[in-house]
């Protein structure tokens, strides 16, 4: 099989590869996305890629690699980010993620783009990793899920409530990330996270993810989601439950996986191939 990291797909039969702008409605807001469709008649397995806060790394390289590997891949923006309608909040990230995933599985959307609604995965980065795990836990129709440098809001909320210095650091850091967002501020974001508290703990999701493949990737040089805080405890919790389909890795890289993008793509594609590839086709 051609290497999807270095080889373009060969157009043999059916439609050619396409890049399609798509829109979604979520709570009255219009969200814009880009659907990367592989060649062939399908139906194609589909991967929703969830970016983080504020979305400086949007994983378009991963979307293209997934397409070359035979997966339809979607990148979209949440409410209140990068020119989208509405206001940004953590709850809106969760609501928008759930809505987009559900919409892709609806027959009208699946038929229009030759998608296989039974083979849908959600992969998220940072706050998107949190949203991916939360979305999959609430939606049994998600066939596989992955979190890359995921941010555990339950853990962060407990740290803020236990140490004023930690809370002040989040306020300072998040205040510097708001340019691409609208309708929020750092105080509102920290307060929302604290109010959710343990309800947004990713470890609590283990029972609802126990029947599905789960990929957790931690980052060893990461000051945003240090692996010892946001990754290792989650791995331990999922192993202890257990989550039999768990796969976990730590890459020695920064929060954006700046020097591990090829390793990231290979790991994600291999994970999806093991669980979503249709061996009957």
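The values are calculated or read from the model by the stated rules, or taken from the named source; none is laboratory data. Since the model is a prediction, treat every value here as computed from it, not as a measurement. Here the Cβ positions follow ideal geometry from the backbone for every residue, glycine too, while neighbour counts run over all protein chains shown.
Within the stretch 224-269, count every residue that is closer than 16 Å to residue 45 by Cα and touching a strand residue (DSSP E or B) at 6+ places or on another chain (Cβ under 9 Å).
1
From (1) over 19 Å from the mean Cα position of the chain (by Cα); (2) crowded, with 16+ Cβ neighbours inside 10 Å, pick out the condition that doesn't hold for residue 240.
Residue 240 satisfies every listed condition except (2).
In the stretch 7-38, how many are under 12 Å from residue 66 (Cα atoms) and either out of contact with any helix residue (DSSP H, G or I) (no Cβ under 8 Å at 6 or more places or on another chain) or part of a strand (DSSP E or B) (or both)?
3
Take residue 183 and tell me if it is farther than 13 Å from residue 133 by Cα and touching a strand residue (DSSP E or B) at 6+ places or on another chain (Cβ under 6 Å).
In short, no.
Going by the conditions given, is residue 207 surrounded by fewer than 18 Cβ atoms within 10 Å (Cβ to Cβ), at pLDDT 95 or above and more than 16 Å from the chain's Cα centre (by Cα)?
For residue 207, the condition - surrounded by fewer than 18 Cβ atoms within 10 Å (Cβ to Cβ), at pLDDT 95 or above and more than 16 Å from the chain's Cα centre (by Cα) - is met.
Does the stretch 139-152 contain at least one residue that is assigned to a helix (DSSP H, G or I), crowded, with 17+ Cβ neighbours inside 10 Å, in contact with a helix residue (DSSP H, G or I) (Cβ under 8 Å, 6 or more places away or on another chain) and modelled with pLDDT of 95 or more?
Among the residues of the stretch 139-152, not one is assigned to a helix (DSSP H, G or I), crowded, with 17+ Cβ neighbours inside 10 Å, in contact with a helix residue (DSSP H, G or I) (Cβ under 8 Å, 6 or more places away or on another chain) and modelled with pLDDT of 95 or more, which makes the answer no.
Among (1) touching a helix residue (DSSP H, G or I) at 6+ places or on another chain (Cβ under 7 Å); (2) within 24 Å of residue 114 (Cβ to Cβ), which single condition is residue 89 missing?
(2)
If a residue has to be surrounded by fewer than 20 Cβ atoms within 10 Å (Cβ to Cβ) and over 18 Å from residue 134 (Cα atoms) to count, how many in the stretch 245-255 make the cut?
4
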